[in-house]
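Below is one structure, written out as structure tokens; comments come after it.
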Amino acid sequence: MRSHKRSAALALATCSIVGVLLDALASGAASAPAPVGTGKASKTKSVCGLGNGKRATGRPIVLGGIFTKSPGIDFSPIGLMADAYFKCVNANGGINGRPIRYIIETEQDQPDRVAALPVKLADRDKVVAIVGNTSNTDCIVNQRFYERRGFRVIGAGVAAPCFTTPNFAMVNMGPHYSNTGAAQALVRAGAKSIVDYASNVPGANPYYGSGAITVGKRAGLPTSDNYVDVPIQDANSLVLKMVQQAGNGGGIDIALIPPEGLKVLTAAGAAGVIDRVKWSGATPFNSQFIADALGPEWNNKFLVNAEFNLLDSKGPDNQLYLQLQKAYQANCPACLGSFGQMGFLVGKIVTYTLLAMPVNRITQKSVNAAFLRIKNFKSDLWCKPWYYGNLPSHNANRWDRTVTFVNKKIVQVEGCFEIAAVDAPIVRAKADEKRLKLTSGTSWPPVPGQ
Amino acid sequence: MPSLEFSKLFVVTGLALGGVYALSGVGIVVLYRATGVLNLAFGAIGALGAFISWELVNNTGVPDWIAYLACVAVATAVTFTYGVIFGPLLAARDPLVKAIGTLGLALILLGTMSWKWGQIAGLSLPLPTTTRSYTLPNGFGVVNWTQIIGISFGIAVTAGTAVFLRATKLGTAMRALADDREITATLGVPVRRVEAVAWLGSGLMCGISGLLLSNLLGLDIVTLTFFVISALAAALIARLRSLWITLAAAMVIGLVTALLTPFSGDFQTLSDFRTMTPFVLAIVALLWLGRHRTVTVTRTAR
């Protein structure tokens, strides 16, 4: 009995020490963010919404968004940055006095849950719009629901229907076109083959890699399209296979999300195979935590297709984005990069659309109708203006840059270039822009200072 | 089919993983033999140690080597604490209940790590040994010091533990416990102390495994937590008895998994499903080993 009491006391003491250790390591409670996004908008300064520094206290405008968050795939940073933007808007007068309440829902690629989420947002939460969505399967599973219920989704697309059906308009170009751009960069860099590796998630095979493969075939190069389960269990073996497939001087295009891709890049460094091939990656690699994680052996070796501007660009939107990330999502390193920029853009588009509407007539019907009017919407984060429009499909973001990492900095290698017209949606987008003048003329909604 | 030249590149990665699986498998076997507990939290505890190490390296001014030691220390402390509290409480229960107890610990740790570090992407804990590498002759590719340590620790720990169990008083006591706990206790062997040492030793191997695997597999909560399955498969093939068979089985599992990687084209499926290797090998081995088992059917006379 005595020895049991002694054991229990010893164990309790040890537990307490471990608990204190964990508590000491736990992130501190969120401190009140410094005021950002306040002031007068101009060509050199972006603000959040009205920018008046007054907290909005009226009846909330409820929005919702759906994000995949599972082992190996986490798109929630996009939602977190959109939320940061909306919080900033709420701290600066809201939507003419009304705050935005943004509901973030996450899923793990289970079709029944993915199907249930927009129903919940629409019927229980009474959202006026579903925005920000970044999900492996939302566009596939819920396309009919959105059409039936009249939701025009603005998000960051992944699967094919996000870019080929009428009810989605994405701020990004998605893995398919981003890989296409990455492959274009490899071809221009003189790669002798194009080997594409993407995550084996629903909807990925063959959509993610097919654009890159088309680019390779048009250039007369040997190609290979591959899909791997995530999380990657044995990056050391996988990278050896990749390099062997590409051959000396070949090109490897990685379409994995950064944490998984980082395992491959780290393994490539450890195996000493970096210089045997040319490396490129899709937009998610345009992220400061990747730059921080890669050592000098990667300087100028990894070409990243960047759908958005450099993180250190001095553009007003980019500066506001950096301030928001620091103020509201400092504990989210993945928010500092392409994902975060996507969330910012969703927040900006939705905010100024709502501001352009009569404040007491913000309903699901009116908001989604308003989305269709968006045209020539500018941001220094994009190469070209963005639009929605009443179109059979939307591919407004089809220009991008190539960046690389040098001494933990992200550096531009190629300026804005047009994604290759590898398939019909891109060809159609070009024609629609010209015909309907979607990227010129008077912008709608108006943005102060522009 | 991949060429022999290509396949040779995967031998080193396979052996390195096999070495760490062996290290873990030995820890699992010794603990099971001494306490009757199949520690399903082995991977999760090692993962916790690795993540605390990462936290110390990246968010405090602690020197890296102290952070690495902290990984081992934390894993040892958590394992020891669990063993000291729950070991006696569950001592009289059957092995399934004891194993489920450790599964509970694994789930708690999994949740805690996900809460603390789950939002942070792209974590890595590069050991200085990973950046120093050598090119092997005869086309076997490149090996780094982390892989060398993985292979050699697996062999050294197996040999050392075998000698310890045979040649020391404590080792003999552990073997006695494994055979019959009650009789061992009546013979005056300090059962609780022997079990505590077993938990301590297992925790030590847990921490070392976690640190090595964070480099060999990546600093990923789920990957590190569930690598225990591969180590468990090796231990099961050895029927939770023989350390040398655990070592051999672990090496085979590591090698086969790695050698299946380069398959492509018509054989791509072999590469896609290579993570099933531990399960398949364990099932085949257990079926083979049980092939001569006699099943006795008795009927009660009415």
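Readers should treat all values here as calculations from the given coordinates under stated rules, not as data from a laboratory. Note that the structure is a prediction, hence the values are computed from the model and not measured. Because the Cβ atoms are built from the backbone with ideal geometry, glycine has one as well, and the counts that use them run over all protein chains shown.
Things worth noting here:
- Applying the Karplus relation 6.51 cos²θ - 1.76 cosθ + 1.60 with θ = phi - 60° to region A:225-240 yields 3J(HN,Hα) values of 10, 10, 10, 10, 5, 10, x, 6, 8, 9, 5, 4, 6, 4, 5, 4 Hz, where x marks Gly and Pro.
- Dipole check for chain A: with +1 at the C-beta of Lys and Arg, -1 at the C-beta of Asp and Glu, and the Cα centre as origin, the magnitude is about 1480 Debye.
- In this structure, the residue pairs whose Cα-Cα separation is over 32 Å, taken from A:K120/A:K314; A:K378/A:K408; A:K192/A:K378; A:K217/A:K326; A:K120/A:K348, are A:K120/A:K314; A:K192/A:K378; A:K217/A:K326.
- FRET E, pair B:F164, A:D312, Förster distance 51 Å, beta-carbon r, rounded to 0.05: 0.35
- Cβ-to-Cβ counts within 10 Å put B:M276, B:M251, B:M205 in ascending order as B:M276, B:M251, B:M205, the fewest first.
- Here is the tail figure for chain B: Cα pairs spaced more than 27 Å apart come to 45 percent of all pairs.
- Total formal charge among the other residues, if their Cβ is under 12 angstrom from that of A:N96, Lys/Arg +1 and Asp/Glu -1: +4
- Ranked by the mean number of other Cβ atoms within 10 Å of their residues, highest first, the peptides B:156-162, A:295-301 come out as B:156-162, A:295-301.
- Beyond 18 Å in Cα-Cα separation lie the following of the pairs A:K43/A:K409; A:K87/A:K126; A:K43/A:K384: A:K43/A:K409; A:K87/A:K126.
- Taking amide H positions as modeled 1.01 Å from N, with prolines and chain starts lacking one, the residues under 5 Å from A:I61 and 5 or more places away or on another chain are A:I100, A:R101.
- A protection proxy built from the mean count of other Cβ atoms within 10 Å ranks the segments B:27-35, A:385-393, A:228-236, most packed first, as B:27-35, A:228-236, A:385-393.
- Helix-derived mean residue ellipticity, 222 nm - over chain A, DSSP H n ≥ 4, -39500 (n - 2.57), to 500: -12000 deg cm²/dmol
- Relative contact order for chain B, counting Cα pairs under 8 Å that sit 6 or more residues apart, in percent: 37 percent
- Rg/Rh (Cα only; Kirkwood hydrodynamic radius) as it applies to region A:175-306: 0.92
- Counting only other chain Cβ atoms within 10 Å of each residue's Cβ, the peptide A:70-78 averages 2.
- Using the rule -39500 (n - 2.57) for each DSSP H run of four or more residues, divided by the residues of chain B, the 222 nm mean residue ellipticity is -23500 deg cm²/dmol.
- Based on the Kirkwood approach, the hydrodynamic radius assigned to chain A is 22.7 Å, with every pair of different Cα atoms included.
- Here A:R361 and A:N299 are evaluated by their C-beta separation; at R0 = 51 Å the FRET efficiency comes out at 0.40.
- Note on B:K8: lysines with a C-alpha under 20 Å away, same-chain residues under 8 apart excluded, are A:K241.
- 3J(HN,Hα) along region B:198-209, derived from phi through the Karplus expression 6.51 cos²θ - 1.76 cosθ + 1.60 where θ = phi - 60°, amounts to 4, 4, 4, x, 5, x, 4, 5, 4, x, 5, 4 Hz, with x in place of Gly and Pro.
- Averaged over the residues of peptide A:259-272, the number of Cβ atoms from other protein chains lying within 10 Å of each residue's Cβ is 5.
- Residues with amide H under 5 Å from that of A:N136, placed H, sequence gap 5 or more: A:T68
- Calculated FRET value between B:I100 and A:A115, using beta carbons and R₀ = 41 Å, to 0.05: 0.75
- Vicinal HN-Hα couplings computed from phi for region B:56-71 (Karplus, 6.51 cos²θ - 1.76 cosθ + 1.60; Hz; Gly/Pro x): 5, 5, 8, 10, 9, x, 5, x, 4, 5, 5, 4, 5, 5, 4, 4
- For the peptide A:224-236, the mean number of other protein chain Cβ atoms found within 10 angstrom of a residue's Cβ is 6.
- By the beta-carbon count within 10 Å of each Cβ, the least crowded to most crowded order of B:T257, A:T439, B:T131, fewest first, is B:T131, A:T439, B:T257.
- Stokes-Einstein translational diffusion, the protein assembly as shown - Kirkwood Rh over all Cα pairs, 1.002 mPa s, 20 °C, in µm²/s: 77 µm²/s
- Cβ-placed point charges (K, R +1; D, E -1), dipole of region B:4-289 about Cα centre in debye, nearest 20: 660 debye
- Along the axis of the charge dipole computed for chain B (Cβ charges of +1 for Lys and Arg, -1 for Asp and Glu, origin at the Cα centre), the listed residues B:A44, B:I183, B:A196 are led at the positive end by B:I183.
- Mean sequence separation of contacting Cα pairs (under 8 Å, at least six apart), scaled by the length of region B:151-292, corresponds to a relative contact order of 17 percent.
- Exposure proxy shown here: for A:T404, B:T146, the number of other Cβ atoms within 10 Å sets the order, fewest to most, as A:T404, B:T146.
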